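Worksheet for the structure shown next.
What follows draws every value from the coordinates through simple rules; no lab data is involved. Please read all numbers here as calculations on a predicted model, not as lab measurements. Please note: Cβ atoms are built from the backbone with ideal geometry, for glycine as well, and neighbour counts cover all protein chains shown.
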Amino acid sequence: MDLRTDRIAEPWGARTPYPRGGRWPVRVDSHLAPGLTPDQVERWVPAASLLHSNGDAMEIAVADGRIVGVRGRAGDRVNHGRLGPKDLYGWQANASPDRLTTPLVREGGSLVPATWDAAMELIADRTRGLLAEHGPGSIGFYTTGQLFLEEYYTLTVIARAGIGTNHLDGNTRLCTATAAEALKETFGCDGQPGSYADVDHADVIALYGHNVAETQPVLWMRMLDRLEGADPPRLLCVDPRPTPVARLADVHLAPRSGTNVALLNCLLHELIRTGRIDRGYLDAHTVGFAELAAMVEPCTPQWAAGICDVPVRDLEEAAELIGGCERLLSTVLQGVYQSHQATAAACQVNNIHLLRGMLGRPGCGVLQMNGQPTAQNTRECGANGDLPGFRNWENDEHVADLARVWNVEPQTIPHYAPPTPAMQIFRYAEQGSVRMLWISGTNPAVSLPELARVRAVLGQERLFTVVQDLFLTETAQLADVVLPAATWGEKTGTFTNADRTVHLSRKAVEPPGQARPDLDILLDFARRMDFRDKDGGPLVSWHDPESAFAAWQRCSAGRPCDYTGLSYARLAAGGVPWPCTADAPDGTERLYRDGPAWAAPDVCESYGKDLVTGASVSETEYRALNPEGKAVLKAAEYLPPHEDVSGEYPLRLATGRTLYHFHTRTKTGRVPQLQAAAPEMWVEIGAGEAARRGLAEGDVVDVATPRGAVRARLRVTAMRDGELFLPFHYGYWDTPGGDRPGGPEAGRAANETTITDWDPVSKQPLFKSGAARITLVRSGEGVPAPAPTTTASAPVRPDAAPATAGGPAAEADQQLADAAQEVSGP
């Protein structure tokens, strides 16, 4: 059956209910350029989603050398053919008329066109000069979560073994660093224990700070279909906002921002108090139970209610839900990762599963989610600063093994100190020790906290900045060299999503003008620098995506993220979850059924850190704690947020992501359907708080913190009182346009207000822990906020704003297949 639907107005499409333990039915979503029919498509090219972390498999429609649409891949294990709004419409950004098509270099204060040879020689000359005069520590790299595995791996080899710098990180530090650290703290190694297929089997799904409906809409579709089928799961939602998840939850906990550890310690207290723990699993596979039990012993529901401002009965119901289930799936995202005590809170979610023995079985899993499509690849390949293949930088044998793979001496690879996280790299640039910063595929002049400070750093004359991107972003405008990059659909490479599924994305069309794939740019730089291994051969010996993938396979061999059983030919049939080896040729669905496999002292990726200070646990301490390599139950004391409310700043401010845009709108702001659905910044406040302050829907307000201020229209929602919310996607100048209600002088980037503070363990910035005030600028005069009505920003009064819709331009096809249609994988 075919349905045609406005997928802006109905973001999650038609329901295909299925029962617990059943197979998720196929539904193939597609959207083509206006007037085009499927028989006019000349070829379909396999790809995966670039605009969120779900890893939706799709095919790109090509006609006359152009991308003209997309459709979901029915046979793929991740999405069974479904696509979300950003999947369906995002391809149009590729053809935006303001794409960068030629290199630019700064001359006389302005960016002017240059040849590739001139631009690359300028970069190579500056690199050589800095290495000679100031050494490797004068050079830093800041990348993205949206490149391909092959590109990250090449960048890592260049930075670590070519340049020799420890200053390498990605903007995944802003979204997924806590996920990685929490997995390392508990299991000794990165890598998601669970699978998206656990949705099919769980009888309780708990979502902690994870607005899955907006951040991973296809995963929410899977949950919605289970909810409409026989024997549906029950939902626990922890979120201060009235998200689509919260509206359907059996239990919705809306805690004060910054109190996640108190809430989770209460749930752990109740599990232990009521005896709802698996003693056999704990004894066989964990250490640290006595310490955890002692830590949470005083954390009663009454205690937590006073801190979190959540009713005692709701906390008790939540504990009953997770304590009484047979199969528990938990997901975690930015409401935990970007908030106070981020890693400590994420570890407590892991602890719930360890206490209940719910890992490695269908329906029993943890998904410490990612925010970006290839965030997992940054972590595997070491583009987040860690050593590739989840090797331990403190373990000399791991360093020697990596040196063997790269054919360099071990001392070539920096491992004298922890990898430098992104915020510290920018601090070094501010202080002057980092003198060259190469930024690829990200826009820190909008995405980093305390933007006035970031702009000042990037604007320094002594800092030589290279920006590699698709458009002249706010960051690119401040660069010394701008390199035009090819993007998704214009190059070939592999993605790994949030449940470890690897997809192949093929080149469909040529990039515009002189734009080049990121891999080609990096290979060009490596050739110009003439990086060599210890035998005098080229350090970077590969020449195209497939040979780069083969080089990565050699690096991953025998490691937790083993890719040796994969190939481009194998991935042509659809996504495969790693590890994939000769012993597991179809990949590995779930991890840790029999306890962690990579937690022993000789093989673990990390010896762990103190959850309060971030100080490293020594190898000796770790060996004493965990000689047999079991999962570690990491206890955490609740501590108050660093910046609390006050008389001057009485409200808590959080920023976050929303359904129709991605990151700083570099792409989605150029997509008509997505831009029209959420064209401008807004501010959210709860109805009770608005009434007490005499504020109403559409009022133009200033939101101020000690760092800066934002001006926007107000959306009055059902969120808890005492809180404000800002979407973080909007920059300080129009990309590509929009009516700013405060006039040209008004700030509109959420990060004008956020604090330069980070979690001590993951070093992830705390975008959800600031204090703020709100001030009326002028009445809204009946004009509503430009916020969508389909999402967590829905107005508390349905008639307060017109319903969000895309009209004919947003209509997409949904082909409903027989529920028994074959799908690869569970």
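Kirkwood hydrodynamic radius, computed over distinct alpha-carbon pairs, for region 358-448: how many Å, to one decimal?
Mean inverse Cα-Cα distance, inverted, gives 15.9 Å.
Estimated from the Cβ-Cβ distance and a Förster radius of 45 angstrom, the FRET efficiency linking Asn407 and Gln815 is about 0.35. From the largest down, region 121-251 spans 67, 29, 26 angstrom on the principal axes of its Cα atoms.
With Cα atoms as the point set, region 527-685 shows a radius of gyration and Dmax of 23.8, 66 Å. Inter-label distance, Glu510 to Arg15: 5.0 nm, where each label sits 7 Å from its Cα along the C-beta direction.
Ignoring everything except DSSP H segments at least 4 long, calculate the 222 nm mean residue ellipticity for the chain; use -39,500 (n - 2.57) per segment, divide by total residues, nearest 500. Each step should come with its number before you reach the end.
Details: 25 runs with 220 residues, N = 826.
For the chain, the value works out to -7500 deg cm²/dmol.
For the chain, the relative contact order comes to 21 percent (Cα pairs under 8 Å, sequence separation of at least 6).
Once the C-beta distance of Asp586 and Arg4 is scaled by a Förster radius of 30 Å, the resulting FRET efficiency is 0.25 to the nearest 0.05. Relative contact order for region 651-795: 36 percent, from Cα pairs under 8 Å spaced at least 6 residues apart, divided by residue count. Summary value for region 433-574: 15 percent relative contact order, contacts being C-alpha pairs under 8 angstrom separated by 6+ residues.
When Glu430, Glu397, Glu752 are sorted by how many other C-beta atoms sit within 10 angstrom of their C-beta, beginning with the fewest, the order is Glu397, Glu430, Glu752.
Annotation: Cα Rg of region 169-241 relative to the compact-globule expectation 2.2 N^0.38 Å equals 1.27. Shown here are the Rg and Dmax of the Cα trace of region 651-795, at 14.4, 47 Å.
Between the beta carbons of Thr564 and Asp278, assuming R0 = 45 Å, the FRET efficiency works out to 0.85 to the nearest 0.05.
With both partners inside the chain, how many of the DSSP beta bridges are antiparallel, as a percent to the nearest 5? Once the DSSP bridges in the chain are tallied, antiparallel ones form about 55 percent. Computed on the Cα trace of the chain, the radius of gyration divided by the Kirkwood hydrodynamic radius gives Rg/Rh = 0.94.
What is the extension gain from Arg527 to Ala691, computed as 0.36 nm multiplied by their sequence separation minus the C-alpha to C-alpha distance, in nm to one decimal?
Values: separation 164, 0.36 × 164 = 59.04 nm, distance 6.35 nm.
Full extension from Arg527 to Ala691 adds 52.7 nm.
Shape analysis of region 647-694 based on the Cα gyration tensor places the equivalent ellipsoid semi-axes at 29, 13, 8 Å, largest first.
Just so you know, the averaged projected area of the alpha carbon convex hull for region 441-522 sits at 6.8 nm².
Spacing of the modelled spin labels on Ser96 and Arg23, each 7 Å from Cα toward Cβ, amounts to 4.1 nm. Restricting attention to the chain, the count of lysine pairs at 8 or more positions apart or across chains with alpha carbons under 17 Å apart stands at 10.
Pull up the DSSP beta bridges for region 651-795 and report the antiparallel fraction as a percent, rounded to 5.
Of all bridge pairs located within region 651-795, approximately 60 percent are antiparallel.
Could you order peptides 805-811, 431-437 by the average number of other Cβ atoms within 10 Å of their residues, highest first?
431-437, 805-811
Between Glu628 and Lys534, residue separation times 0.36 nm minus the direct Cα-Cα distance comes to 30.2 nm. Spin-label pair Ala597-Ala805: with each label point 7 Å from Cα along the Cα-Cβ axis, the two points sit 5.2 nm from one another.
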